1. Which net charge results when you count Lys and Arg as +1 and Asp and Glu as -1 among the other residues whose beta-carbon is under 13 Å from that of residue 29?
2. Within 10 Å, Cβ to Cβ, of residue 48, how many net charges do the neighbouring residues add up to if Lys/Arg are +1 and Asp/Glu are -1?
3. Which loop GluC sites (Glu not before Pro) in the range 318-359, with loop taken from DSSP, have no more than 14 other Cβ atoms within 10 angstrom of their Cβ?
4. Return the lysines within reach of residue 209: Cα separation strictly under 30 angstrom, same-chain partners fewer than 8 residues apart disregarded; answer none if there are no such residues.
5. Rounded to two decimals, what is Rg over Rh for the range 124-230 when you use alpha-carbon atoms and the Kirkwood radius?
6. Which of the aspartates and glutamates could be linked to residue 81 by a straight reach, that is with a Cα gap under 16 Å, when you skip same-chain ones fewer than 8 residues away?
7. Which of the listed residues, 156, 382, 301, is farthest toward the dipole's positive end in the chain, when Lys, Arg count +1 and Asp, Glu count -1 at the beta-carbon?
8. Provide the FRET efficiency to the nearest 0.05 for the residue 190-residue 138 pair, computing r from the beta carbons and using R0 = 45 Å.
Amino acid sequence: MAPNKSYDAAVIGSGVFGAWTASHLARRGHKVLLLDSYSPGHSRASSGGESRIHRMAYGADEIYTRWSQRSLHQWKELFAKTNTHLFRQTGVLWLAGEDTTQLLRTQETLRRCAVNFLHLDRPALERLYPHMNFDGVAAGLLEPEAGILLARRALVATIQDALSRGVEFRQAAVLAPSSPGRLSSLSTQAGETIFADAYVFACGPWLGKLFPEILGPRIFPTRQEVFFFAPPPGDSRFAPPASPAWLFQDDQVYGIPDVESRGFKVALDWHGELIDPDTQSRTVTPAVADWVRSYIARRFPALAGAPLTETRVCQYENTSNGDFLIDRHPEIENLWFAGGGSGHGFKHGPALGEYLAAQLENGSTPEPRFSLSTKHSRQRRSIY
Ligand SMILES: Cc1cc2nc3c(=O)[nH]c(=O)nc-3n(C[C@H](O)[C@H](O)[C@H](O)COP(=O)(O)OP(=O)(O)OC[C@H]3O[C@@H](n4cnc5c(N)ncnc54)[C@H](O)[C@@H]3O)c2cc1C
């Protein structure tokens with residue numbers, strides 16, 4: 001029998017983090033195997049949603065502003081190369097209540113990073129978006145060049161492009177290794193053996209299940225419910241360009257305009273209950289649906305009573321404060337973790353893949369914020 005093929009790297013998990021890591025490793029000339037239990041963009045993965053916001057605004061957290069900039073450039077390159085049109089420049093509107101500290105910090109960072117934005121006071125907001133009720137809102141910040149990634153399809157485009165660069169994809173559930181030291185191979189549930197020099201576990205909300213002792217207490221998968229409402233027939237106010245994507249941190253609610261007539265998306269950004277991504281119910285909770293209905297009736301009066309066209313239940317894979325986890329396993333030197341997207345990771349796939357590919361080659365200084373040692377077992381969210 002022919003010996004099993006050996007790879008430079010095996011990337012386990014083909015969500016946005018794993019896919020872009022595989023792609024960047026292949027660009028650097030490495031032989032890469034990408035594995036996933038399911039097909040790319042499947043509905044239980046955090047990357048399997050229809051749409052994700054791509055913004056540069058991150059308060060004073062300049063590292064994420066810069067990563068967003070790098071990533072947007074690479075997403076656009078990918079879509080141009082693959083002749084897909086999966087970024088929609090809807091603009092992103094960040095709203096602030098009476099306390100505008102975060103808004104002002106964001107403005108300073110955006111100025112430093114040369115990101116184009118407009119500061120909008122309340123009268124300007126009311127003039128630009130007359131279909132929105134700005135009760136409790138003091139000011140806004142509009143990033144005209146930001147927008148929406150059509151996420152699930154963007155992920156599939158990333159993987160197709162990675163395959164064209166030589167990455168191999170295999171559908172298989174991988175078992176986590178149990179012994180310390182350098183890892184020579186991994187096994188799949190079906191009994192196959194995978195040989196590689198390095199192993200990257202980019203398993204999103206599954207990381208805690210795979211590595212219960214190390215990551216069980218450090219990755220918090222939370223239930224997140226998403227609602228799509230049908231605007232009134234013939235009414236284009238809830239689609240771009242009349243409506244941007246928007247976030248209001250005081251309410252912990254955000255929305256995405258009606259792109260491709262999928263509906264006006266509204267979702268809660270507060271963390272739901274802790275769940276298991278394999279078994280959680282994917283049906284929305286009636287009480288949450290009622291709350292969202294009354295919220296949109298207040299914020300977008302013309303949507304009062306609008307029918308729900310779709311719902312989704314997904315999960316964030318939070319770290320203690322929202323910083324990503326990109327680090328080695330503490331006892332297995334050639335095994336890396338890439339995860340902790342914490343409800344804001346999708347847009348950063350390209351920059352994360354680039355960073356991790358360089359780390360694997362020992363080519364760049366590790367960013368302390370991404371280390372395992374900064375991931376605690378008590379949640380205190382600070383990245384928005
Ligand atoms: C409702 C919602 C809204 C969001 N909004 C935004 C937004 O607006 N902007 C933004 O930037 N981000 C947003 N995010 C966050 C973003 O979607 C996630 O951070 C990102 O998709 C995480 O990607 P990942 O690759 O780490 O995980 P995943 O996409 O979950 O991928 C992990 C993969 O690992 C595979 N896997 C697990 N275990 C195994 C195993 N044993 N063997 C093989 N494969 C395995 C899984 O099948 C899965 O495909 C949102 C998330 C949610 C849920």
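1. +2
2. Counting the neighbours of residue 48, the net charge comes to +2.
3. Qualifying residues, ordered by number: 331, 333.
4. The reachable lysines, counting only those whose Cα sits under 30 Å from residue 209, are 5, 31, 347, 375.
5. Values: Rg = 22.0 Å, Rh = 19.2 Å.
Expressed as Rg/Rh, it is 1.15.
6. 161
7. 156
8. After rounding to 0.05, the efficiency reads 0.20.
The values are calculated or read from the model by the stated rules, or taken from the named source; none is laboratory data. The model shown is predicted, which means the values in this text are computed figures rather than measured ones. For neighbour counting, all protein chains shown are included, and Cβ atoms are generated from backbone atoms with ideal geometry for every residue, glycine included. Remember, those area values only see protein heavy atoms, side chains included, never the ligands or the DNA or RNA. Shrake-Rupley method; radii C 1.70, N 1.55, O 1.52, S 1.80 Å.
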